[in-house]
Amino acid sequence: MSAPIQGRIIKAVSGFYHVKTAYGVIISQPRGIFRKDGEKPLAGDMVELEIFADETGVINRILPRRNSFKRPPLANLDQIIYVVSTAEPPPNKPVIDRMLAIAEYKKIASAIVITKLDIDCSNELEQIYAGAGYNVLKTSDLQKILDMLSGKVSALSGNSGVGKSTLINKLLPELDLPTSEISKKLGRGKHTTRHVELFELECGGFLADTPGFSAVNTLEYDIIDKNDLQYIFLEFAPLLGKCRFTGCSHTVEKECAVLEALKQGKIHSGRHKSYADMYSESKNYKPYN
């Protein structure tokens, strides 16, 4: 066995972990202690491993994570790029808002890439999310997307069928990832991505393709404390501290700066509804003992 070395997990399949190291990609398994401790390595993890004579490895330790997700199972992300289609399937704005909020809560940068503008060229999505303070690009902005990804560990996420694999094929044409048609009956695509994998970019950094998420499985994430929500809706930032009442919930109070901005059209009504729904969910959440 070699002296311990460090690397990044770039793929996890059936208990085997592909770890990129200075010596190449080493297919490794974790020591049994991980299972005993209820810990599982994730794609994106930096790990310490040893290499056997047959060039396989064993993972001894997971280095401290900056952040992590259960679904998709990823760690140490610099940014999440939400891929959103204008149609087929139509954008699910409450889900987009929830996922953007979760990323902000975990201190991960977010951006949006809009697809299928050939079907619906409306700029509604750009108006909503650029207006809220997010970087919004289109699939035709390929060089800008590459510049945004350069040198970072990024994940593409979005509902099934929105075109994540199609976008990756444009960014990394040598991969030729499988894509699927939209189901006319269900209005969504089949899950063509079966596992999380980080692909290395020529411009530096890694890009992860992740299984599509739905409105249902976003609820698997931890409930965000109601008092923290105001800080993770970007458009609220310049208004905080300007309400009449300390501890304002920004949902019903009089002389609330956020509600006044909503009334004036400075905050999109759908965005505020997403905030209010998440606030209510958090307020009424009763954890099981």
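A few remarks follow.
- For the stretch 1-101, the alpha-carbon radius of gyration amounts to 1.33 times the rule-of-thumb value 2.2 N^0.38 Å expected for a compact globular protein.
- Look at the alpha carbon pairs under 8 Å that are at least 6 residues apart: their mean separation over the length of the chain gives a relative contact order of 15 percent.
- Percent of Cα-Cα distances greater than 17 Å, calculated over the stretch 220-280: 32
- Other-chain or far-sequence residues with amide H under 5 Å of residue 250's (modelled H): none
- Largest first, the extents of the alpha carbon coordinates of the chain on the three principal axes equal 70, 48, 36 Å.
- Normalised contact order of the stretch 51-127, rounded percent, pairs of Cα under 8 Å and 6 or more residues apart: 30
- Based on every Cα atom in the stretch 119-180, Rg and the maximum pairwise Cα distance Dmax equal 12.9, 36 Å.
Every read-out reported here was derived from the displayed coordinates using simple, explicitly stated rules and does not represent laboratory data. On a predicted model such as this, the values are computed, not experimentally measured, just so you know.
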